[in-house]
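Written out below as structure tokens is the structure these notes cover.
Just so it is clear, none of the values below were taken in a lab; they were calculated from the coordinates. Every value quoted in this text rests on a predicted model; they were computed, and no experiment measured them. Here the Cβ positions follow ideal geometry from the backbone for every residue, glycine too, while neighbour counts run over all protein chains shown.
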Amino acid sequence: MAHDEIIDHYSALARAAAAGRVVADCGPDAFEEGCFGSAGYDDTSALPEGAVRASLGCGNPVAVAELRDGETVLDLGSGGGIDVLLSARRVAPHGKAYGLDASPEMLALARRNAEQAGVGNAEFLHGSIEHVPLPDRSVDVVISNCVINLSDDKAAALGEAFRVLRPGGRFGVSDVVVDGDIDPARRRAAEQRIGCVAGALPVSAYSELLAAAGFVGVRITLTADHGDGVHSAIVQAAKPAAGPGLEIRPMREADAAQVLAVYQAGLDTGQAGFETTAPSWEGFTAGRLTRLRYVAADMETGEVVGWVAASQVSARPVYAGVVEHSIYVHPGCQAHGIGRALLSAFIAAGEDAGVWTIQTGIFPENAASLSLHQALGFRQVGIRERIGRHHGVWRDVILMERRSTTVGI
């Protein structure tokens, strides 16, 4: 369905729920199997009847969000408000829950339900999940229930979720996914039987979009099997944690000048590598993988203060999960935990991408880098003695590697 058709469809369901009818977005068989709607919740006894009637999800994201008092939660596509009301109670008395929906009728229904439930720490916003009307880094948790699959621009929706999350924030949604490739005939059959499967992504594509947005620690857990390769699933991920005033995010083309400036500043110390001059941006990108590039940026100014990126070790298939990385923090910003935050995010993203070994070479004199890598699980595997002349001096290089404890074991 097109965007306007989706809004009209859910507005009609909201009107039906407001009139006292139980609404269903999927085929009746799916509801009878207990996979959709309020059947996905353990206890709805404390919720208004209107919120339960208007439950159109495919799971219970609140159950996996691990919400805590004082947190701020955003529900993308909040419908009649059932997940917002449950979240608001979990984060009370000091936290807040936002619900975002594109249907004015759904918002009106959700507000009535919140008032009836006596929930004062919930707020409902009108807007689309591709353009969230909240500031950057304003929420701790993003949840959603069988809505992202409906978006015709899922990359934008996931990018917005990343944008509004604070560093270290969590993403936990229920959604419908496709396990493997489904031929068109099977997909049509599934959509006829379970209306809410329309737009569902394959698991691999969902993971790739989350990674491209900047999320790490991606986990997609299949739950109910609806046949024809269609499943309900819990999708979890996190925005990389960072120190105060910093954000770890994917490297962008617009970062080129600042990334190279940090690169040059590191080379100027004489301890970062054998190069003396940073390459051009074309040279930088040509020698590094498109994925697994991150920057640490100042949240107020946007200034890049550090970066990490990976290079392919070999084109041979047997080395597909082995990469070599470079990490640079501006000399004026060291000893603030920036390197640790960058490398931690890189490691997590690497494991999401199937990397089983990360390797690097470090000058013995670079004690800070050696200490950082050792703290994050790297081990020394050898020393290349007098491997190259640097500013007229023969230098040794310590070879270090980190073997994943989850990938390729």
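For every residue, the table says whether it meets (1) touching a residue at least 24 places away in the same chain (Cβ under 8 Å); (2) of a type in the set (Asp, Glu); (3) under 30 Å from Glu365 (Cα atoms).
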| residue | (1), (2), (3) |
| --- | --- |
| Ser204 | no, no, no |
| Ala212 | yes, no, no |
| Asp228 | yes, yes, no |
| Thr277 | no, no, yes |
| Thr290 | no, no, no |
| Arg293 | yes, no, yes |
| Ala296 | yes, no, yes |
| Met299 | yes, no, no |
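State whether one or more residues within segment 332-352 are buried (at least 18 other Cβ atoms within 10 Å of the Cβ) and of a type in the set (Val, Ile, Thr).
yes
Which numbered condition in (1) more than 25 Å from Glu208 (Cα to Cα); (2) free of Cβ contacts under 8 Å to residues at least 40 places away in the same chain; (3) touching a Phe, Trp or Tyr at 6+ places or on another chain (Cβ under 7 Å) is the only one that Gln271 fails?
Answer for Gln271: the failing condition is (2).
Report every pair of residues separated by at least 6 positions or lying on different chains whose Cβ atoms are under 9 Å apart, first residue within segment 147-171 and more than 14 Å from Ala237 (Cα to Cα), second part of a helix (DSSP H, G or I) and basic (Lys, Arg).
Taking only residues 6 or more apart or on different chains, the pairs are Ile148/Lys154.
Does His126 fit the bill of being in contact with an Asp or Glu (Cβ under 8 Å, 6 or more places away or on another chain), farther than 30 Å from Gly337 by Cβ and surrounded by fewer than 20 Cβ atoms within 10 Å (Cβ to Cβ)?
Criteria met by His126.
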